[in-house]
Amino acid sequence: MASPVASRFDAAVVGAGTAGAAAALVMARAGLRVALIDRDRSPGAGAPFGELTYRHVVRRIVADGWREASFPAERVIAQHRVCLLAPDSSVTVGHTHRALADPPNAWSVTGGRLASWLVEKACAAGATAMFGWTADGLCWSPARGLSGHVDGVRLSRAASAACGSEGGCRVSAGVVVIAEGSRGELRATLPRPRSRPCPEYVLACARYFLGAAALEERFQLEPGCGALVELAGLAEGAGGAFVTVGSLLTDRDGVTLALGFPAKLLEQWPLADVLDAGAAHAALHPLLRGARRLETAAFPVPDGTWSGLPQLAGAGWLLCGDAAGLATAAAPDGTPLAALSGLLAGEAVVAGHAVGDTGRETLRAYERRLAAEFGAGSPRGAARLPALHRMWSSKRLLDGIVLGANDAALRYFLVDGTPRRDAQRQATRRLLQALSCWAPFPRAGILRRTA
């Protein structure tokens, strides 16, 4: 590893997760001198939970690299389900299709392995790895503009011979890409870090071990294939019921349960109780019965509105991945969103470097492109990620979608003396009412484009 004191880079990437690794790969491949910095000593180190990865996002970064034997896919997601949870019932809609498996539409990957794979490719393309370093702050150059221009990052490392007795140093760079995750501190030092106050939500995750044979039997999967179950509705435990959205994702030998909910719920319930309540629901219990829980964690996520995101680019800096607030609990698309934002951030830096301009207006092309991917007319337009705050503050999710669909199913299947034709008409009307309420909660459009 080169000494950061003696180096000047075209770009420094803080965070070697999926977003940071994708940005570093794009820039290094274009010939830029790139420093890839991370506080962990293992590249791409992450929590050991299942992650979803889409082929068309991977192809935009590495073309046909997904065909390589080293690509860290564990299961091809060939089965998709949507499960609407009511306290004492559920409605599940499932879909399988040959086109989802050949070629693969999506894969499951565990524990940051996709990030590690991208880090290896970035280093092979010429990026300089600086792992085990902590980014303490940004370096500003007032001479580059009235409002200042970021031209580096301050690092620290315990007992570092390269940086002197105090273990501190500076990495000079024309642009700093901040991809340090949702808990990073660098973004708090940026001007106007958020356009408006944002409600706080939590994505709670638990990984369960089942074994490959049991997993395939319970989810009715072919060998090597996996399933994604998207969840929305009510979970109930000893402390009462709570609204949640999330997912259940299979990996090689286990399942990751992810539940999103308002952070204030953790003031009343321990994290383990929230996860137990979700896993105990009648729709999920048969799938997780007897499984051994390996890991749990909770991550902060934004409310899901575009206007709730921070400013994503400025003079000499960009935000991407979780640091940009792109994580969402409403759909299991956090990893693809991170990868895509890293790709677009890297391309914006390459374009700015080519014309010798890394100022605010040039780099904000990244923000405009990201907005366009979401279908927005402008960076601050009306485009929305899945709007979590509307789900929890409005009764439309429960009364309209979840309870409506469960009520329609009950009216259709229940035999209580009502003439069959009348029961079918009642069920159809109730189902149409439920479906009409689905419009306020769209999935992120960028992940629905064909490859």
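The values are calculated or read from the model by the stated rules, or taken from the named source; none is laboratory data. Quick caveat, the model's predicted, so the values are computed rather than measured. We place every Cβ from the backbone using ideal geometry, glycine too, and count neighbours over all the protein chains shown. These area figures cover heavy atoms from the full protein model, side chains too; ligands, DNA and RNA do not enter into them. Shrake-Rupley method; radii C 1.70, N 1.55, O 1.52, S 1.80 Å.
Taking 0.36 nm per residue of separation and subtracting the Cα-Cα distance, what length does fully extending residue 424 through residue 120 add?
On the way: separation 304, 0.36 × 304 = 109.44 nm, distance 5.71 nm.
So the chain would gain 103.7 nm between residue 424 and residue 120.
Working from label points 7 Å from Cα in the Cα-to-Cβ sense, the residue 295 to residue 368 distance is 4.0 nm. Accessible area ranking (1.4 Å probe, heavy atoms, ligands and nucleic acids excluded), largest first, for 244, 128: 128, 244. Per the Debye calculation on segment 174-288 with a single equal scatterer at every Cα and no solvent contribution, log₁₀ I(q)/I(0) for q = 0.10, 0.11, 0.23 Å⁻¹ amounts to -0.43, -0.50, -1.22. The largest accessible area among 149, 353 belongs to the first residue in 353, 149, and the rest follow in falling order (1.4 Å probe, all chains).
Express the carbon and sulfur contribution to the solvent-accessible surface of segment 86-147 as a percent, rounded to the nearest whole number, probe 1.4 angstrom. Roughly 51 percent of what the probe reaches on segment 86-147 is carbon or sulfur. Computed over protein heavy atoms with a 1.4 angstrom probe, the accessible surface ordering of 347, 295, largest first, is 295, 347. Available extension along the chain between residue 433 and residue 282 is 51.9 nm, counting 0.36 nm per residue and deducting the alpha carbon span.
Here the gap between residue 253 and residue 241, fully extended at 0.36 nm per residue and compared with their Cα-Cα distance, gives a gain of 1.3 nm.
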